[in-house]
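For reference, the structure is listed below as structure tokens.
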Amino acid sequence: MLGYTLKRLIHFIPVVIGITVITFLVMHLSPGKPTDAVTDMNAKITQEAKLRLAALYGLDRPWYVQYFNWIKRLSALDFGNSFKDGRPAIKKILERLPATLLLNFLSLGLILAVALPIGIYSAIRHRTFFDKAMTVFVFIGFSMPTFWLALLLMILFGLKMGLLPISGLHSLNYAEMNLLGKTIDLARHLALPVLITGFTGLAGLSRYSRSSMLEVIKQDYIKTAYAKGLPESAVILKHAARNALLPVVTILGLSLPSMIGGGFIFETIFAYPGMGRLGYEAIMSRDYPVIMAVGTIAAVLTLLGNLLADLTYTWADPRIRYK
Amino acid sequence: MIKRAFNALKENRLVFYGLTVIAVLFLLALLSQVLSPYGTFEQNLGSRLNPPSLKHLLGTDDLGRDVFSRMLYGIRISLSVGFVAVGISVLIGTLLGMISGFFGGKIDTVIMRLVDIMLCFPSFFLILIVIAFLEPNIYNVMVVIGLTSWPGLTRLVRAEVLSLKEREFIQAARLLGISNFRIFFIHLLPNVVSPILVAATLGVGDAILTESGLSFLGLGVQPPVPSWGQMLTAGKEYIYVAWWLSLFPGLAILFTVLAFNLLGEGLRDILDPRLLKRKT
């Protein structure tokens, strides 16, 4: 296990370097310069002043020199300062990260709590009405333009019924509430974003756990368990589900990038104070340091998530450890 | 073989529903100029925000444009984005995956590492960056979606080639001294077509969803050219007075993507060799 972990960690390094190269190249190859936002607005600026400004940020050097300078600062977690308000990009992200992590963890929890029972029940009641209804739900889940669903739910619950707030994370009078009030307020603000963020994953995971369960309950040892007179609940939960749901861990890891990616739309729609909205706003205002920081950190977070999923899987299932 | 596949096609309800919807969409797209009761860009400020009626089947928008006519045009946008983007990603994914699986060694390591790296990025963010810095228009959207969606396919094709490589007919071809080039295109390629077909069909749906998301954020197809996602954004402002502006384009996206997903899943059932064996 330790050897495997070490191997995975060594594999980690080239991928992180690759992430920084891609982020840098994407930004570098994009038309326009970071200083354009300043210079284009100023009609009186001379060519000389433009060059001086470019030299100030090192933009006159070849791209690989710029890359290595960026990496050098990166290794000290210095992503540069935001063009918008001059504050360090990393600080802006760290402020937003907890909200994004909270949203994603809650969504993962919702996915697990709902999708696994659906998957298991669909499998043991294969081809019944419930199974068929769930299959329809899964297909709709895969095909749903989630931003549109978000819009409809906001209208329905937020405006028509007035049940839930439709933007932000706190109410205006949040500071004056007691602990219980604060929790309820937070939950009400989180309900729709969590549901929307988890929606596609919900469909995917219930499908996956269903087919995984279907494979397992065909096995001989399940028949044996039934034959020796164990009650169905024990067979399903103790013998079948344990084996069938192990690979689910990996699938959860793989769904991370799409969840973080979805954040760029959903956080914007719900005016949610997370990293996704920060990234979207940075793109719209061409805030280079913040864009690069969000890209790098989102990718590294995904990588860590996948690593964690793989390690958990290996830890839980000794069969694959020695391959 | 072909007859059996055709019968399976007829019997499979997923494929049937999926294909029917897609065929209807293609027809509507082809005939959109004929079928449109009004011009796509024709404004009529006298009839702004009219609810659905016999005169305007799906109502009119804030500039008095006929929603039905604009949605017909939107089919063209969605289908072209879906097919072109998937075409690009299939081309890259198949080539890289086959090279990676067939030649192995250093080349395989490099390509697979690249796939790992690409899969770490939330692709939507990469697409957002590139589109925002290039000019947002339909061509850039197609190309960028295509250029970011190949890594999954590369992995799939590589795995397929790895297992094919060990099979007798490839071994035999090698022993006969057939060139790598011939083995690659004549013997391997036809055998990886079915998984690619399934992945590509599902990919069309994903590309359409991505395009509508981009257009919803104002970074996709630019007005006045109608795309369903962009019609949703425009309609959002009038959601209280004109529900039809927010309902119909969303339903159109949902059902189009659903059709491609049904077709893809159905094809998977039909083309899965394990299932074929069981039936014969």
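The values are calculated or read from the model by the stated rules, or taken from the named source; none is laboratory data. Keep in mind that this is a model prediction, so the values were computed, not measured. A quick note on method: Cβ atoms are made from the backbone with ideal geometry, for glycine too, and the neighbour counts reach across all protein chains shown. Only protein heavy atoms, including side chains, enter the accessible area calculation; ligands, DNA and RNA are left aside. Shrake-Rupley method; radii C 1.70, N 1.55, O 1.52, S 1.80 Å.
Considering only A:Ser211, A:Ser255, A:Ser143, give the residue with the highest GNM mean-square fluctuation for chain A, with springs between Cα atoms whenever their separation is below 10 Å. Comparing A:Ser211, A:Ser255, A:Ser143 in a Gaussian network model of chain A, the most mobile one is A:Ser143.
Among A:17-30, B:65-78, the peptide with the highest mean count of other Cβ atoms within 10 Å heads the list, and the full ranking is B:65-78, A:17-30. Compared with the dominant Cα axis of chain B, that is its longest principal axis, helix B:2-11 is turned about 40°.
What is the distance in Å between the Cα centres of the range A:208-227 and the range B:226-274? Here the answer is 36 Å between Cα centres. Extending 7 Å from Cα along the Cβ direction at A:Leu163 and again at B:Ser179 yields two label points whose distance is 6.8 nm. Per residue of peptide B:127-139, the mean number of Cβ atoms on other chains within 10 Å of the residue Cβ is 4. The helix-based estimate of mean residue ellipticity at 222 nm for the protein assembly as shown, built from -39,500 (n - 2.57) per DSSP H run of four or more residues and divided by its residue count, is -23500 deg cm²/dmol to the nearest 500. Spacing of the modelled spin labels on A:Arg125 and B:Lys10, each 7 Å from Cα toward Cβ, amounts to 3.5 nm. Note on the range B:223-274: with neighbouring protein chains present and a 1.4 Å probe, carbon and sulfur make up 69 percent of its accessible heavy-atom surface. Taking amide hydrogens as placed 1.01 Å from N in the peptide plane, the amide H of B:Gln222 sits under 5 Å from those of B:Ile138, each at least 5 positions away in sequence or on another chain. I'd like the carbon and sulfur percentage of the solvent accessible area for the range A:2-74, probe radius 1.4 Å, heavy atoms only, ligands and nucleic acids excluded. Summing carbon and sulfur atoms, their accessible area is 68 percent of the total for the range A:2-74.
For A:Val65 and A:Asp317, calculate 0.36 nm times their separation in residues minus their Cα-Cα distance, and state this gained length in nm to one decimal.
Values: separation 252, 0.36 × 252 = 90.72 nm, distance 4.57 nm.
Length difference between fully extended and current span is 86.1 nm.
Using a 10 Å cut-off on Cβ atoms, rank the peptides A:1-10, B:23-32, A:200-209 from the highest mean neighbour count down.
On the way: A:1-10: 10.9, B:23-32: 14.3, A:200-209: 23.0.
Descending mean neighbour count gives A:200-209, B:23-32, A:1-10.
How well do other chains shield peptide A:154-164, expressed as the mean number of their Cβ atoms within 10 Å of each residue Cβ? Spell out each step's value before the answer.
Working: counts 2, 5, 0, 0, 0, 2, 1, 0, 0, 0, 0.
That average works out to 1.
Within chain A, helices built from complete DSSP H runs that reach 15 Å or longer along their own axis (Cα positions) and carry a mean Kyte-Doolittle hydropathy of 0.0 or higher are A:2-29, A:89-124, A:129-143, A:179-216, A:256-269, A:288-316. Sorted on the mean count of surrounding Cβ atoms within 10 Å across their residues, most packed first, peptides A:183-192, A:310-319, B:164-173 read A:183-192, A:310-319, B:164-173. Averaged per residue, the protein assembly as shown has 50 square angstrom of accessible surface, using a 1.4 angstrom probe with ligands and nucleic acids left out.
Placing dummy labels 7 Å off each Cα toward the beta-carbon, the span from B:Glu42 to A:Ser211 is 4.8 nm. Note on B:Ser194/B:Asp62: beta-carbon distance plugged into 1/(1 + (r/R0)^6) with R0 of 51 Å gives a FRET efficiency of 0.60. In this Cβ point-charge picture (+1 for Lys and Arg, -1 for Asp and Glu), chain A has a dipole of about 700 debye about its Cα centre. Summarising the amide proton neighbourhood of A:Asn81: residues at separation of 5 or more, or on other chains, whose placed amide H is nearer than 5 Å comprise A:Ala89.
Length available on full extension from A:Ile184 to A:Leu77: 0.36 nm per residue minus the Cα-Cα distance, which gives 34.9 nm.
Would you mind giving the mean number of other chain beta-carbons within 10 Å of the Cβ of each residue in A:261-267, as a whole number? Write out the running numbers ahead of the final one.
Details: counts 10, 3, 3, 7, 6, 0, 0.
Per residue, the number of nearby Cβ atoms from other chains is 4 on average.
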